[in-house]
Each structure stands twice: as C-alpha cells, then as structure tokens.
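Okay, so here's the structure we're looking at.
Bear in mind these aren't lab numbers, they're just calculated from the coordinates by the rules spelled out. Please read these numbers as outputs of a predicted model, since none were measured by experiment. Here the Cβ positions follow ideal geometry from the backbone for every residue, glycine too, while neighbour counts run over all protein chains shown.
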Amino acid sequence: MTSLSKQLPEPATEALLLEVRDVSKSFPGVKALQDMQLTLRRGEVLALVGENGAGKSTLMKLLSGIYQPDAGEFYIDGEPLRVSAPKDAQDRGIAIIHQEFNLMPDLTVAENIFIGREQPRGGFLLNGRALNQRAADLLNRLELPLNPRAKVGRLTVAKQQMVEIAKALSYDAKVLIMDEPTAALNDAEVATLHALIRRFVTPETGVIYISHKMDELKAISQRITVIRDGKYIDTLDTATSTMGDVISRMVGREVTTDARPENVRDDRPVILAVENLSTQSLLKNVSFELREGEILGFAGLMGAGRTEVARAIVGADKRVSGHISLRGKRIDPTNPAVAAQHRIGYLSEDRKQYGLLLDQTVTANIALSSMSERFSKFGFVNDKVARDRSREYVESLKVKTPSVNQIAKNLSGGNQQKVVIAKWLMKDCDVLIFDEPTRGIDVGAKEEIYRLLNDLAAQGKSIIMISSELPEVLRMSHRVVVMSEGRITGELSAAEADPAGVMHLATLRPDSNASDAVELGLDPVLVTEDLDAYENEELDR
Amino acid sequence: MTTTVAPPTGRRMNDTTRTRLQQLAAFAGLVVVTVFFAFASDFFFTYDNLVNNVLVSVVLVGILAVGTTMVIITGGIDLSVGFGIALTGMAAGRFLITMDLPLILGLLLTILVGALIGFVNGFNISILGMPPFIATLAMMLVCQGLPLVLSDNGASIYFDALPDYQGISSGTPIPGVPNSVLVFIVCAVIAWILLNRTLLGRYAYAIGSNEEATKLSGINVRRWKIIIYVVAGGFTAVAGIISSGRIGASPTAGSGYELQAIAAVVIGGTSLAGGKGTIVGSVIGALIIGVLNNGLTVMGVKREWQFIILGIVILAAVYTDMLRKRSESTH
C-alpha cells in the first residue's frame with residue numbers, strides 16, 4: 001500500500017451529485033466497509049471497481065436501505081441522505097439496478113414498470129389501455145425498443161434489463177447505479193446499453209457503473225474509483241489511466257511468496273483429465289488436467305463459470321460435449337451418484353443450500369454418502385458403527401461439536417465446512433472439488449481449512465480449489481487456472497502466478513466472443529435488429 | 001450459547017429429545033381427549049368400545065397414515081391413497097372372486113397393484129418432475145374411476161365365499177383382539193423399522209431435509225423417491241384388503257381417507273416441509289382422530305360438528321407445533 005499515494009476526493013461542493021463520506025459497516029467478524037469515500041459529479045459516468053468482496057454490494061445495499069451504515073453519511077445534491085427503505089432512495093432520485101433483476105416474468109412490460117403505481121379507476125378497476133399508454137410514452141422518451149404489452153419472461157436478458165432501467169428511470173432518477181450490468185450481455189447488447197447510458201447522462205444526472213470489465217470502463221466512464229477490502233483506494237481519470245494502473249490498485253497488497261507451494265512434478269500421474277467440456281448455458285471447451293497430490297486453483301470473477309465446471313464434472317449439470325477421464329479411463333458421470341462411485345466429491349460454495357442437512361445430526365451428515373456401502377447390510381443401517389466412524393473424523397478434523405449427535409445448523413461455519421469435508425473423506429474420495437472452501441468462515445478457521453487442504457494434497461488426494469479470493473488461490477495452488485466468461489483464459493504455475501497476471505486473465509473477454517456475435521447473426525446496427533424483434537413479439541401475440 | 005454436553009454413552013441426545021418432545025405433545029393430546037371422554041361418557045372407556053370401535057375404526061386411516069408419513073418426510077404428499085383402497089379392494093375382488101385365484105397369489109397381486117400405483121406416482125414425481133400434489137391428485141382421480149370400470153355397474157364384490165380372506169380383517173386369532181388391529185400394528189412396526197433402521201429411512205429424511213444436498217452427496221435421489229412411493233402404495237393395498245374383507249370391495253371405499261391420513265400425520269408432528277416426522281407420532285395422530293370421532297358420537301354430537309371439531313384440533317395441533325419450534329430456534 002505504501003507505493004500508492006492515497007488521494008482523498010475533493011471536499012463536498014455544489015457540483016457533487018452524490019457523495020459517500022466516511023461510511024463504515026461491520027458484520028459479525030467482518031468489516032465490510034471502512035471509511036468508504038465516493039464522489040459522483042454531475043454529468044459523469046463513474047466506474048466503481050474492486051475484487052469480489054471488496055465491498056461493492058455492501059455499498060449498494062446501504063444505498064438501497066437494505067442495511068444501515070454504522071458510521072458516515074451519504075449526501076445527494078449536498079444534502080444529507082438517510083435511507084431506511086428502498087423507497088427513500090427512489091424518492092431522492094437514486095435508481096439502483098441490481099445484478100439480479102426484480103421483475104415478474106408473467107406480467108407485461110407495462111405492468112412491471114408501474115407495479116404499485118397502477119392508478120386504478122375508483123381505486124380498484126385497472127385500466128390496461130392507460131397503463132400501456134403511460135409505458136409507451138416512457139419507452140419512447142427513453143428510446144427503448146420495447147413493447148409495453150410483451151410478457152417480461154419471454155424477453156431476452158438484455159431486454160429485461162431495459163425494463164429494469166425503464167422502471168428505475170420512471171421515478172425521474174438523477175443517479176443511476178448499475179451493478180455488473182453487462183454480466184449476461186453480448187457485445188452488441190453492451191453497445192446498446194452504453195448508448196442508453198449516454199442518452200441518460202445530462203448535466204443534471206450521473207451514473208455509477210460497477211463492472212469488472214476493463215474495456216467497458218474505458219468505453220463508458222470518465223473516472224474510475226477503486227475499492228479494496230472495504231476501503232477506498234483511489235480514483236483515476238479514465239482517459240489518462242491504463243488498465244495496469246487500475247488492476248494494480250484493485251489487487252494492491254503484496255503477496256507473500258514464501259508460502260507458495262512448489263509445483264507438482266510432471267512425473268506425477270494425471271488423475272483427472274477434462275477435455276473440451278461445454279454446457280448449454282456457459283462453458284465452452286474447458287480442458288485441463290489434475291495431477292495426483294496437486295491443488296489446482298480456479299480463479300476468475302463472479303460468473304466466470306468456475307462453479308459450472310465443477311457441477312458439470314460431477315454431472316449435477318448436463319454436459320453437451322467433452323470428455324472426462326479418470327486415471328486415463330474415460331468416465332461419464334451423468335449424475336453426482338455416479339461421480340461419487342468414481343470417488344469424485346464436490347463441496348458446494350453454498351454449504352447451507354447444497355452441502356448440509358442442516359436439521360440433521362453431524363453423524364447423519366458425515367455418513368450420508370457412505371451409508372449404503374459402509375454402514376448397511378441388506379438395506380439395514382448400523383448406526384453404532386456410523387457414529388463411531390463419524391466420531392473418528394470429528395476428532396481427526398478437530399470439528400468443534402459437543403457430540404456427533406449435535407444438529408448441524410448449531411455448528412459454526414468453519415465446523416460445518418469440516419463436516420462436509422469429513423463426508424467426502426469418509427467416502428474415500430481421491431478427487432475433491434472445493435468450491436469457495438473458506439466462504440463465510442472466520443480467519444482462524446480459514447487457516448485450519450488451509451492446513452487440511454495441504455495435508456490432503458500431501459496424502460496424495462487431488463484437489464480442485466475454486467476461490468474468489470486471490471490471495472487464497474495464490475497461496476494454496478500448485479497451479480492456477482483462470483476463467484473468464486465460461487472459458488479458460490490461462491493457466492499459470494505457482495511461480496508464474498501473480499495478482500496482476502491472474503486479474504488480467506480474469507478480466508479478458510475471450511477472443512472468440514466477438515466472432516460468436518457474428519456467427520449468431522447479431523449486427524452492430526442495433527436499432528433494426530431490435531425493431532425486428534419488436535415486430536416478432538407483436539406477431540407472437 | 002450454552003451447548004449440551006453429550007452423555008458418555010453417546011446416544012442421540014439432541015435428535016431424540018426433539019422427536020420425543022414432539023411425540024410427547026401428541027401423546028399428551030391423546031391422553032387428554034381420552035380422559036375427557038372417559039369422564040364425559042360411561043360407555044366410552046370400556047374395553048369393548050376402545051378396541052372394537054375406536055381401534056377398529058382407526059385401522060384404515062392408520063395404515064394409510066404410516067405410508068403417508070414416509071412420503072411426507074421426503075417433502076412429498078400422496079393424495080391417491082384414499083381411493084387407492086377402492087382400487088386395490090376391487091382388484092382383490094377380481095383376482096379372488098371373479099378369477100378365483102389362490103388366496104396367497106391373489107393377495108400378492110393385490111399388493112402389486114398398490115405398488116404399481118405408487119410406482120406411477122413415483123415415476124411422475126421423480127423422473128418427470130411433476131409436483132407431488134398434482135401427480136397424486138391425478139392418480140387419485142384414476143383410482144376413483146378405475147374401480148367403477150372394474151366393477152359390474154358399480155356393484156360391490158363380496159368375499160362371503162372366502163372366509164379366509166374375511167378373516168384377515170375380522171378374525172380373532174388372539175381372543176378379544178380383532179385381526180385388523182394386529183395388521184395395523186404390524187404395518188406400523190414395519191414402517192418404523194424402514195424409517196429408523198434402513199437406508200430407505202435415512203435417505204427419506206435426507207431428501208426431505210435437503211434434496212439438492214442429498215443428490216450432490218452421491219445418493220440416487222430419483223430411485224429412492226420412487227421406492228418410497230411404491231412402499232406407500234403397498235400400505236395402501238394392505239388397507240384395501242382390510243377394507244374389502246370387512247365390507248366387500250366397494251368402488252367408493254376409502255373416499256376422503258387420504259385427507260384423514262394426512263391429518264393424522266400432521267397431528268403427529270410430522271412437518272409437511274419434509275425432513276421431520278415419526279411413525280409413532282402418526283399412529284398417535286390416527287388414534288386421536290379415532291377417539292374424537294368415537295367419543296363425540298358416543299356423546300351424541302352430530303356428525304357435522306365432528307368435522308368442525310376435527311378441523312379445530314388440526315389447527316391447534318399444528319399451531320402448538322409451530323410455537324414449540326419457534327421457541328426452540330430462538331433460545
């Protein structure tokens with residue numbers, strides 16, 4: 001951090017549209033935001049960048065009134081802004097477009113835009129024609145090619161986003177905040193969105209544009225604010241900054257290299273080989289090899305497709321093409337049960353939803369996968385053996401629980417994670433896929449999980465570790481695979497991998513993307529394309 | 001948070017206290033209504049009434065309830081069990097009376113019919129991915145219509161020519177205890193063993209707790225769900241055999257029993273959200289319904305009021321269960 005001069009923003013003046021001053025927010029065990037600063041000038045697009053977990057979404061939630069700040073203040077037009085509910089922000093002219101849309105797919109565009117503001121006749125009789133007219137006026141004003149009567153669920157993601165934008169702007173917003181607006185858009189759609197943003201920005205309005213994609217920031221923003229670990233780092237003028245400037249501030253911290261693992265030698269046998277794995281929705285030609293005793297880190301930004309790779313390998317998601325080999329033999333895990341028979345275990349990033357039986361005992365959780373082959377005869381379960389064996393794992397992994405009969409939801413996050421790990425160790429898995437193994441786990445427990453992963457690798461287990469925490473990836477991995485937009489954009493050895501290099505690969509738009517757009521027949525001349533679609537929707541009705 | 005220290009024997013502490021509490025609440029309810037009617041009516045608390053009226057009347061709903069308990073523990077529901085009685089009873093009549101098959105073979109085929117109902121339910125839910133409510137509602141209509149198709153213009157088939165078959169429900173190998181009550185007890189014991197001592201039970205609870213996590217743990221969730229519906233269908237067939245042995249195979253037998261069975265399961269503390277529930281609770285739930293029906297009848301309360309009272313009892317049972325859970329999760 002010493003190398004960076006910390007430039008604090010100018011003090012509040014009349015010209016500032018929105019200001020975030022010294023805002024802090026803590027959650028149990030985590031300082032999500034610390035003395036956060038941010039200034040939005042009139043008539044500008046400000047890009048907000050930071051790694052996963054830097055505090056962007058916390059800031060959004062504070063501005064939406066979902067959380068309350070512990071300290072600090074927001075100002076709009078120089079006046080203090082207090083937000084205790086989403087409506088407060090709306091009333092003061094702040095429109096927020098979240099990454100996940102809040103739309104009702106079975107309602108029409110007009111119904112979605114004006115939900116809660118239908119202006120029924122006599123208080124209860126809806127006037128569809130008037131509603132559609134209001135929507136059409138709004139859409140015309142915004143120059144959005146949308147049919148007010150189209151059902152939102154049948155629109156493309158790009159058009160659903162337009163509905164969100166129209167809805168947000170229908171409140172006469174001065175400040176538009178967009179969270180990763182282009183995550184699900186193709187190049188042509190991104191261009192349309194940027195055109196819309198430029199139309200929206202007048203000398204009286206401003207946009208905060210949260211994104212990871214460097215080329216987009218160059219294209220749309222005037223300034224870039226970088227935040228890291230909940231703290232304000234710097235604000236750069238887009239025109240005079242390079243991508244490298246931004247990335248070095250995003251990553252910032254010096255990574256201690258002494259803890260780095262040595263590369264696994266090439267003479268170790270390849271345990272798992274994945275070739276040209278593709279899925280319907282996201283993955284394209286993903287290939288990599290995993291050697292015995294290796295921790296293979298998967299880095300990338302949110303939505304890059306890392307979890308999807310894991311789910312496709314174990315058959316939780318359908319593969320449309322590609323091969324998987326285990327010790328040189330082709331295998332075809334069509335569902336996680338088959339993968340488990342091949343001793344491949346997947347530990348989901350969302351323990352509570354996909355990993356644990358929260359209302360059941362530690363034993364029931366640890367023994368779940370091994371129940372049929374180890375603890376039952378002719379379908380009858382031997383509870384005592386299952387309990388005794390579970391207790392051994394609880395002891396060896398140092399799971400802090402009063403007994404193996406404790407209900408899983410009463411354990412802390414770190415101990416719950418150990419229970420899930422114990423489940424797969426008991427199943428005797430050789431390949432373990434850890435998806436965000438330390439998410440939601442406090443610092444001390446993290447170290448224990450790291451030690452556990454190292455021990456497992458030393459014992460000859462092969463580990464894929466998906467992580468959004470760059471320091472974690474760099475510290476733990478023998479090799480790092482980096483993904484972006486469903487593809488592998490690079491593979492680095494432990495020696496080669498550094499934060500800037502990984503971040504560079506993670507923010508690449510894979511080359512073939514542009515050619516895809518051409519393949520799909522998408523023309524940059526958008527208006528005609530959209531008008532065609534508009535007419536098709538008309539015909540559909 | 002203070003944590004309970006495990007007793008040195010390592011017995012399931014948290015788990016069992018919870019289920020015991022749940023059963024205790026249901027059992028206390030049963031005691032309360034029984035004591036109430038014992039005082040309210042001289043006739044109610046006699047051996048003859050308790051066994052030959054209350055218990056015998058509980059058998060059908062009780063057998064359906066134990067099968068339904070398994071299904072509900074997985075987070076599902078089975079509406080087809082009520083008219084399943086009519087269909088399996090009518091099938092038994094066709095096998096044993098019309099076709100004059102040997103008794104054992106006829107019984108096996110009847111159980112198979114029940115299992116087949118369950119298989120179709122399980123297939124539609126597990127493989128085709130239909131919501132259990134819809135899949136079994138459709139099957140309920142099929143089970144309502146098929147017995148009429150199988151019958152001669154809706155006429156019942158009687159088993160007077162087969163005293164052995166009738167004996168399954170009305171015989172008394174143990175003096176003073178009707179056989180149907182024994183069958184109910186055997187069914188409950190089998191279901192208890194399945195749920196507490198076998199993989200089927202483990203996976204039923206696991207699926208009900210978190211189906212996705214169970215799947216990702218390498219359990220073949222689809223297959224086990226089908227098996228559980230098949231087992232529930234088997235219990236339905238047993239109820240069909242008891243019912244037809246008693247009153248003949250009627251195309252309208254068992255109408256509305258599916259809801260009574262679900263009521264019994266719910267009164268017994270099983271969560272419709274899945275993952276929790278016990279056979280003992282469901283048996284107690286069925287007994288509460290039986291005692292209420294009988295006691296109110298003995299006291300001369302009209303049938304229409306009996307329904308209303310049963311409705312209130314279900315609401316009270318579920319509400320107290322919710323209160324208990326809420327206090328549990330906030331401590």
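Dipole size of the protein assembly as shown about its Cα centre, with +1 on Lys/Arg Cβ and -1 on Asp/Glu Cβ: approximately 2520 debye, rounded to the nearest 20. Projecting the Cα atoms of B:Ile190, B:Pro175, B:Phe95 onto the dipole axis of segment B:75-229, where Lys and Arg carry +1 and Asp and Glu carry -1 at the beta carbon, places B:Ile190 farthest toward the positive end. According to the Kirkwood relation over distinct C-alpha pairs, the hydrodynamic radius of the protein assembly as shown is 31.4 Å. Calculated on the Cα set of segment A:90-239, radius of gyration then Dmax: 16.7, 55 Å. Computed over chain A, the per-residue total of -39500 (n - 2.57) for DSSP H runs of n ≥ 4 gives a 222 nm mean residue ellipticity of -10000 deg cm²/dmol, rounded to 500. Note on chain A: dipole from Cβ charges, positive end direction compared against A:Gly153, A:Phe288, A:Leu357; the farthest Cα belongs to A:Leu357. Once the chain from A:Tyr75 to A:Ser321 is taken as fully extended at 0.36 nm per residue, the excess over their C-alpha distance is 83.3 nm. A Förster radius of 22 Å, combined with the Cβ-Cβ distance separating B:Asn196 from A:Val338, puts the computed FRET efficiency at roughly 0.15. An ellipsoid equivalent to segment A:88-152, defined through the eigenvalues of its Cα gyration tensor, has semi-axes of 20, 16, 13 Å when rounded to whole angstrom and sorted largest first.
Would you mind finding the longest exposed-site-free stretch of chain A, with exposed GluC sites (Glu not before Pro) meaning DSSP loop and at most 13 other Cβ atoms within 10 Å? Answer from the scan: A:263-495. If a spin label sat at a point 7 angstrom from the Cα of B:Thr98 along the line to its beta carbon, the backbone N atoms of segment B:148-189 nearer than 15 Å would be those of B:148-159. First check a/c for segment A:169-239, with a ≥ b ≥ c the square roots of the eigenvalues of its C-alpha gyration tensor; if it is under 1.5, answer rounded, and if not, answer prolate when a/b is larger than b/c or oblate otherwise. It is oblate, given that a/c is not under 1.5 and a/b is not larger than b/c. Once backbone amide H atoms are built at 1.01 Å from N, A:Ala95 has A:Lys174, A:Val175, A:Leu176, A:Ile177 as its partners under 5 Å, excluding neighbours fewer than 5 places away on the same chain. The stretch between A:Thr156 and A:Asn127, if pulled fully straight at 0.36 nm per residue, gains 7.8 nm over its current Cα-Cα span.
For segment A:89-127, applying the loop criterion from DSSP together with a ceiling of 15 other beta carbons within 10 Å to the chymotrypsin sites (Phe, Trp or Tyr not before Pro) yields A:Phe124.
Relative to one another, the C-alpha centroids of segment A:304-326 and segment A:170-197 are positioned 31 Å apart. Applying 1/(1 + (r/R0)^6) with r as the Cβ-Cβ distance of B:Ile312 and B:Phe39 and R0 = 30 angstrom yields a FRET efficiency of 0.90. Could you state the number of Å between the C-alpha centres of segment B:190-230 and segment A:387-449? Using only Cα atoms, the two centres lie 23 Å from each other. Pairs of Cα atoms in chain B fall into 20 Å distance bins, from 0 up to the last occupied one, in shares of 31, 57, 12, 0 percent.
Relative to the Cα centre, the charge distribution of segment A:474-513, modelled as +1 at Lys and Arg Cβ and -1 at Asp and Glu Cβ, gives a dipole magnitude of about 120 debye. Judged by the gyration tensor of its Cα atoms, with axes a ≥ b ≥ c, segment B:126-226 is oblate; a/c meets the 1.5 cut and b/c is at least as large as a/b. For segment A:40-91, a simple Cβ point-charge model (Lys and Arg +1, Asp and Glu -1, everything else neutral) yields a dipole of about 140 debye relative to the Cα centre.
From the Cα gyration tensor of segment A:212-342, with a ≥ b ≥ c the square roots of its eigenvalues, which class applies: rounded if a/c is under 1.5, or else prolate if a/b is larger than b/c, or else oblate? Prolate shape, in that a/c is at least 1.5 and a/b is the bigger ratio.
Per residue, the convex hull spanned by the Cα atoms of segment B:181-331 measures out at 141 cubic angstrom.
Based on DSSP, what percent of beta bridges with both residues in the protein assembly as shown are antiparallel, to the nearest 5? Restricted to the protein assembly as shown, the bridges split so that about 60 percent are antiparallel.
Across the cross-link table entries A:Lys446/B:Lys276; A:Lys284/A:Lys427; A:Lys87/A:Lys352; A:Lys377/A:Lys423; A:Lys61/A:Lys231, which are compared at the Cα atoms, the separations over 28 Å belong to A:Lys446/B:Lys276; A:Lys284/A:Lys427; A:Lys87/A:Lys352. In this simple spin-label approximation, A:Gln99 and A:Ser84 carry label points 7 Å from Cα along the Cα→Cβ vector, and these lie 3.0 nm apart.
For B:Trp305 and B:Leu182, a Förster radius of 22 Å and the Cβ-Cβ distance give a FRET efficiency of 0.10, rounded to the nearest 0.05. Between B:Leu24 and A:Asp229, the simple label model (points 7 Å from Cα in the Cβ direction) yields a spacing of 5.1 nm. Kirkwood radius and radius of gyration were both taken over the C-alpha atoms of segment A:291-362, and their ratio Rg/Rh is 0.99.
Annotation for B:Phe133 and B:Leu272: the two label points, set 7 Å from Cα along the Cα-Cβ direction, are 0.7 nm apart.
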